[in-house]
Amino acid sequence: MATNLSVSKSKNPANFVLDLVQKNRKKILRPLVAITVLLVVWQILCHDPTSTLPGPIKAVQESWKYIIDPFFDNGGTDKGLFWQLAASLQRVAIGFTLAAVLGIGLGILIGTNSLMFDALDPLFQVFRTIPPLAWLPIALAVFQQFNPFEGLGVKANEVSALFVILITAIWPILINTTVGVQQIPQDYRNVARVLRLPNQKYFWKILLPSSVPYIFTGLRIGIGLSWLAIVAAEMLVGGVGIGFFIWDAYNSSRLSAVILAVLYVGIVGLILDRLVGFIASKVVPEEQK
């Protein structure tokens, strides 16, 4: 009877949460203290009613409708923050996937071909230093004249936003993949040469496993840059999305809504980074971490 009771207690969700908190109390309490101090300082600095920046209490009060009802949809761009974030995440998913496919493919090609590397690496080094928004006017000009997705009802500004994500995220993926391919140990290459491994087997057994840690480093950097780029691009191209929501709220003097949206942007960015990191922890072999 006592054994059954102890088992039931161990399976109790409340006990599980308490045990988890006790084991990680330092990691939980320290950030909570830092957040509390930050909120107190913020409230003290912005307690004056004439302050242009609302304090945390006022920010919560003024943006309460967005907090309690993130799913409302009044048509057009008047939507809750859930739909704004969902639209931005959809763009990021498309742009980042394209960047990953192109970046990994080109990185492997350039890393295995010294001629291609010597020809293209200087161009890539120049292009990767260009700020994301500098590409937006060029993308708008090109896709307004030639929009390959016009038949599907996709507008030029939407394609331009996707292009900005792609061109922002592709460089860390491409460069890290190239470095990963070039860093394959010479012993592995020699063994493959002695065994006369076919190209297909060399790719799957040696090249890809050796490059995976570098590839995921590039993917983790790329997803963060994608999220940064889409928020900035949406401020200019408009439409439903968290970037345009922030810009529209600022123009409407709704700073509390801006603060809430910026907080959500940070949380989502952290989740995306941790998600890629989690996938990497499952894919990358333990000895290569």
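Checking the condition in contact with a strand residue (DSSP E or B) (Cβ under 9 Å, 6 or more places away or on another chain) and either basic (Lys, Arg) or crowded, with 18+ Cβ neighbours inside 10 Å (or both), which residue from 216, 245 passes?
245
Filter the stretch 144-161 down to the residues that are loosely packed, with under 10 Cβ neighbours inside 10 Å and under 20 Å from residue 88 (Cα atoms) and list them by number.
Residues satisfying the conditions are 152, 153.
Can you say whether residue 269 is open to solvent by less than 50 Å² (accessible area, probe 1.4 Å), part of a helix (DSSP H, G or I) and under 30 Å from residue 212 (Cα atoms), as far as the supplied structure shows?
yes
Could you please give the count of residues in the stretch 31-62 that are open to solvent by less than 80 Å² (accessible area, probe 1.4 Å), over 31 Å from the mean Cα position of the chain (by Cα) and either charged (D, E, K, R) or more than 14 Å from residue 256 (Cβ to Cβ) (or both)?
1
For residue 75, indicate whether it is open to solvent by less than 60 Å² (accessible area, probe 1.4 Å), more than 18 Å from residue 265 (Cα to Cα) and at pLDDT 90 or above.
no
Results for (1) assigned to a helix (DSSP H, G or I); (2) closer than 30 Å to residue 108 by Cα; (3) in contact (Cβ under 8 Å) with a residue 60 or more places away in the chain; (4) under 21 Å from the mean Cα position of the chain (by Cα), shown as yes or no for each residue.
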site	(1), (2), (3), (4)
133	yes, yes, yes, yes
136	yes, yes, yes, yes
139	yes, yes, no, no
144	yes, no, no, no
147	no, yes, no, no
158	yes, yes, yes, yes
166	yes, yes, yes, yes
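The values are calculated or read from the model by the stated rules, or taken from the named source; none is laboratory data. Computed from a prediction, not measured in an experiment: that's the story for all the values here. Quick reminder, even Gly has a Cβ in these numbers, built from the backbone with ideal geometry, and neighbours come from all protein chains shown. Only protein heavy atoms, including side chains, enter the accessible area calculation; ligands, DNA and RNA are left aside. Shrake-Rupley method; radii C 1.70, N 1.55, O 1.52, S 1.80 Å.
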